[in-house]
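J.: If you scroll down you'll find the structure; I have some questions about it.
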Amino acid sequence: TRLSNTLIQLYGRFGGVKQARQVFDAMPSRTIYSWVSMLRAYAQNGHIEEAAQVYNRMPQLDLVTWTTMLVAYAQEGNLRESLQVFSEMRERDIVTWNAMLTAYAQNGCLAEAKEIFEMMPERDFVSCTAILAAYSEAGMVDRARFCFDQMPERNMVTWTTMLAAYAQRGLVDAAAKLFQKMPESDLIACNTMVSAYGQSGRLDEAVQVFEVMPVRSLVTWNAMLAAYAQSCHLDSAKKVFDSMPMKDLVAWTEMLVAYAHAGHLEEAKCVFDKMAQRDVVSWNVMVTAFGQNGYLVEAQRLFESMPFHSVMSWNSILVANSQFGEFQGSRLVFDEMPCRDTASWNALLLAYAQRGLDQKCKFLFDRMPEKS
RNA sequence: CAGUAGCUGCUCG
C-alpha cells in the first residue's frame, strides 16, 4: 500500500494522472494517504473537478485533506471554495492558516491576507514569508522591507523573498546590498541575483555572480540565458545555450526570445518548429515576435493554430492588431476574447489613444474594471 | 507514505 501511495505521488508530480488513477484503482485497500495522494495528483494537474470527486468520496477527512483541497481551489483562483473549506474545518493547524494566507496572497487579495495574518493563533517562517510576498506582489516594497525588519528571525527563504521583491521592482542596487548582508547564500539566492542583474541589463555583474557560484542549477543557466536574450546578445545567448548541461522547455523558449529580440524571425521559427515540446508560453513568444514586427498575417495564422490560448496569447494578437491593423480589428479581437485582464484594457486604450480617438478612450477608461 | 512560504521563459502599462 505504501509503495502504491508513493507511486501515485510520483505519477502526480510527473503529470501522469491517468497512471496515478490506475494504481489507485488497482489497490486492494487504501489508507487516507492513498486518497490524499490521488486528490493531490488531480489538483496538481489542473483537474479540479476530479479532485473534488475524490474529496467527496473519501471515507474520512482530516486536517491534511481539508488543507489539500483548500489549496487545490486556491490554485484555480477559486477563493470562494477555498474559504468555504476553510470555514467548514473543525480544526485548523498552522499549515492550514498558512495555506489560507497564501491563497489570498497569491490571488492579489492583500487585505484578506493581512486579516488572516492577524487572526492566526501563531506564526512561523512560512506565515511571515507569505505576508512579505503579498506586500511585494502588491508593489509595496517598503512595507515588505518593514515587515522583513520586524521579523524576529529569518531564514534563507525570507531573505530571498526580500531579494526577489527588490529585483521585481527593478531595485537592483537595493537587492545587491541586501545580498551582501545575507549571513549565507544558497543556490536560489544566487539565481535571484543573476536574474536581477540580467533584467536590468547589467550583464557583467550577472556573469560575475554566475561564475562565483559553487553549484548551478538549470534555473541558473536559464537566468543567464535570459539575461543575454533580453539584452539582444544573440551570440552569447547561443554560447550559453550550447554549454548548458541540461536544457528544458524554458531554455528553448528563451532561445526563441533571443532570436526574436535580435530580429531573426526565420531562425526563431526554425527553432520553434524543431522543438520537442511546446507550451502556451513558447507559442506566445512566436505570436508576439511576428506581431511586433508587423507580420500580422503570420501572427494570426500562428495564433489560430495554437492548441491552447492564454490571456497573454489574446493580448499579443490584440497588440499586433492595434499596432499594424485597423482599429476596428482591435475592437473585434477585444470583444472576441474569452477573458480580459488589465493588460488587455490597456492595449485597447492605447490603440484608441494612438489614433486620437479621445472620446472612445475616455469611454473605455471609465469602464475599466481596475486601472493600473 | 500525504497538506502551507523563496529563484528562470511570453502580452499592455
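What follows draws every value from the coordinates through simple rules; no lab data is involved. Quick caveat, the model's predicted, so the values are computed rather than measured. Note that we place each Cβ from the backbone using ideal geometry, even for glycine, and neighbour counts take in every protein chain shown.
J.: When all C-alpha to C-alpha distances in chain A are sorted into bins of 20 Å, what percent of pairs does each bin hold, rounded to whole numbers?
T.: 22, 53, 24, 0
J.: Read phi for every residue in the stretch A:348-358 and hand back ³J(HN,Hα) as whole Hz from Karplus 6.51 cos²θ - 1.76 cosθ + 1.60, θ = phi - 60°, with x for Gly and Pro.
T.: Taking θ as phi minus 60°, the curve returns 5, 4, 5, 4, 5, 4, 5, 9, x, 8, 4 Hz for the stretch A:348-358.
J.: Something else about it: Under a Cβ-Cβ cut-off of 13 Å, what is the net charge of the residues other than residue A:231 that fall near it, where Lys and Arg count +1 and Asp and Glu count -1?
T.: Taking every Cβ under 13 Å from that of residue A:231, the sum is -3.
J.: Among A:224, A:185, A:234, whose Cα lies farthest out toward the positive end of the dipole of the stretch A:159-239, if unit charges sit on the beta carbon of Lys, Arg (+1) and Asp, Glu (-1)?
T.: Of the listed residues, the answer is A:234.
J.: Right, something else. When the Karplus curve 6.51 cos²θ - 1.76 cosθ + 1.60 is applied with θ = phi - 60°, which whole-Hz ³J(HN,Hα) does each residue of the stretch A:64-71 get, with x for Gly and Pro?
T.: Along the stretch A:64-71, the couplings run 5, 4, 4, 5, 4, 5, 4, 5 Hz.
J.: Something else: Once the convex hull of the C-alpha atoms of the stretch A:223-359 is built, how many Å³ does it hold per residue, rounded to a whole number? If you can, show how the numbers build up before the last one.
T.: Working: hull volume 15.6 nm³, N = 137.
It comes to 114 Å³ per residue, whole-number rounded.
J.: For the charge dipole of chain A, defined by +1 on Lys and Arg C-beta atoms and -1 on Asp and Glu C-beta atoms about the Cα centroid, which residue among A:46, A:289, A:197 has the Cα displaced farthest towards the positive pole?
T.: Positive-most Cα among the choices belongs to A:46.
J.: What is the Cα centroid distance between the stretch A:177-201 and the stretch A:113-168, reported in whole angstrom?
T.: Between the Cα centres of the stretch A:177-201 and the stretch A:113-168 lies a distance of 18 Å.
J.: Can you tally the net charge around residue A:119? Count Lys and Arg as +1, Asp and Glu as -1, for every other residue whose Cβ sits under 12 Å from the Cβ of residue A:119.
T.: -1
J.: How long is the gain from residue A:274 to residue A:238 if the chain were fully straight, where each residue apart is worth 0.36 nm and the alpha carbon distance is subtracted?
T.: Roughly 11.3 nm would be gained on extension.
J.: Let's test the formula: R0 of 22 Å, r as the Cβ-Cβ distance of residue A:304 and residue A:264. What FRET efficiency results, to the nearest 0.05? Provide the component values of the computation, followed by the final result.
T.: Details: r = 24 Å, r/R0 = 1.07.
So, using R0 = 22 Å, E works out to roughly 0.40.
J.: Work out from phi, with θ = phi - 60° and the Karplus expression 6.51 cos²θ - 1.76 cosθ + 1.60, the ³J(HN,Hα) of each residue of the stretch A:330-337, listed in order in whole Hz, and give x for Gly and Pro.
T.: 3J(HN,Hα) across the stretch A:330-337, in whole Hz: 4, 4, 4, 4, 4, 5, 7, 4.
J.: Of A:71, A:299, A:244, whose Cα points farthest to the positive end of the dipole of chain A (charges on the beta-carbon: +1 Lys, Arg; -1 Asp, Glu; origin at the Cα centre)?
T.: Of the options given, the answer is A:299.
J.: About the Cα centre of the stretch A:1-99, how large is the charge dipole given +1 on each Lys and Arg Cβ and -1 on each Asp and Glu Cβ? Please answer in debye to the nearest 20.
T.: On the way: 10 positive and 9 negative charges, 60 e Å.
Charge dipole, the stretch A:1-99, about its Cα centre: 280 debye, nearest 20.
J.: OK, next. Can you show me the helix-derived [θ] at 222 nm for chain A, built from DSSP H runs with n ≥ 4 at -39,500 (n - 2.57) apiece and divided by the number of residues, rounded to the nearest 500.
T.: On the way: 24 runs with 276 residues, N = 372.
Rounded to the nearest 500, the figure is -23000 deg cm²/dmol.
J.: Would you mind computing, in nm to one decimal, how far apart the modelled labels at residue A:84 and residue A:18 are, each placed 7 Å from Cα along Cα→Cβ?
T.: Roughly 3.0 nm, to one decimal.
J.: Additional query: Thinking of the stretch A:67-117 as a set of Cα atoms, what percent of all their pairs are more than 12 Å apart? Don't skip to the end; give the middle numbers.
T.: Numbers: 701 of 1275 pairs.
The answer is 55 percent, as a whole percent.
J.: Could you give the angle, 0 to 90 degrees to the nearest 10, between helix A:218-230's Cα long axis and the longest principal axis of the Cα atoms of chain A?
T.: Helix A:218-230 sits at roughly 20 degrees to that axis.
J.: Would you mind working out the magnitude of the charge dipole of the stretch A:69-162 relative to its Cα centre, with +1 at each Lys and Arg C-beta and -1 at each Asp and Glu C-beta, to the nearest 20 Debye? Please report the intermediate quantities before stating the final value.
T.: Numbers: 8 positive and 14 negative charges, 31 e Å.
Here the size comes out at about 140 debye.
J.: So if I place +1 on the C-beta of Lys and Arg and -1 on the C-beta of Asp and Glu, and nothing else carries charge, what would the dipole magnitude of the stretch A:59-118 be about its Cα centre? I want it in debye, nearest 20.
T.: That gives a dipole near 60 debye.
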